[in-house]
Amino acid sequence: MFKIERTKIQSSGKLPAGKAKIEVVTQLVDKIGGPLDITLKVNGQEVGQGRVPRGMSLHFTNNATFDIGADLDSPVSLDYFDEAPFVFNGKIGRTHFQYASKK
């Protein structure tokens, strides 16, 4: 589905030079498979927000990839589709995923 319908949510500016804490906060609006509110944060400051009309319904296929440092499946943005596989040439530090408690 994400290759067919894409939602573009981007920051209001470029990342700062050096080490940065990047957060993507995803909040389910209604039910699984429904809309998601997304907030982008850099070093604790909100830099972008938007709504994805449909999220994953907890069904994954064997062709879905989960990549850090390169995108081996479809690009996050069609803005750089021709640059696949988008290998990051910098240093990636700790990666942490956390399920936030419901409010």
Q) What number comes out for the charge environment of Val52, summing +1 per Lys or Arg and -1 per Asp or Glu over other residues with Cβ under 13 Å away? A) +1
Q. At what distance in nm do the modelled label points of Asp67 and Gln98 sit from each other, each positioned 7 Å from its Cα along Cα→Cβ?
A. 2.8
Q) Net charge near Ala20, counting Lys/Arg +1 and Asp/Glu -1 over other residues with Cβ under 15 Å of its Cβ? A) +4
Q. Got a sec? Which residues in the range 6-48 would a label at Lys91 touch, if it sits 7 Å along Cα→Cβ and we count backbone N under 14 Å?
A. 18-20
Q: Read phi for every residue in the range 8-13 and hand back ³J(HN,Hα) as whole Hz from Karplus 6.51 cos²θ - 1.76 cosθ + 1.60, θ = phi - 60°, with x for Gly and Pro.
A: 9, 10, 9, 6, 7, x
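Read-outs throughout are calculated quantities, based only on the coordinates presented, and are distinct from any laboratory measurement. A quick note: this is a predicted structure, and the numbers were derived from the prediction, not measured. Don't worry about glycine lacking a Cβ; one is built from the backbone with ideal geometry, like all the others, and counts go over all protein chains shown.
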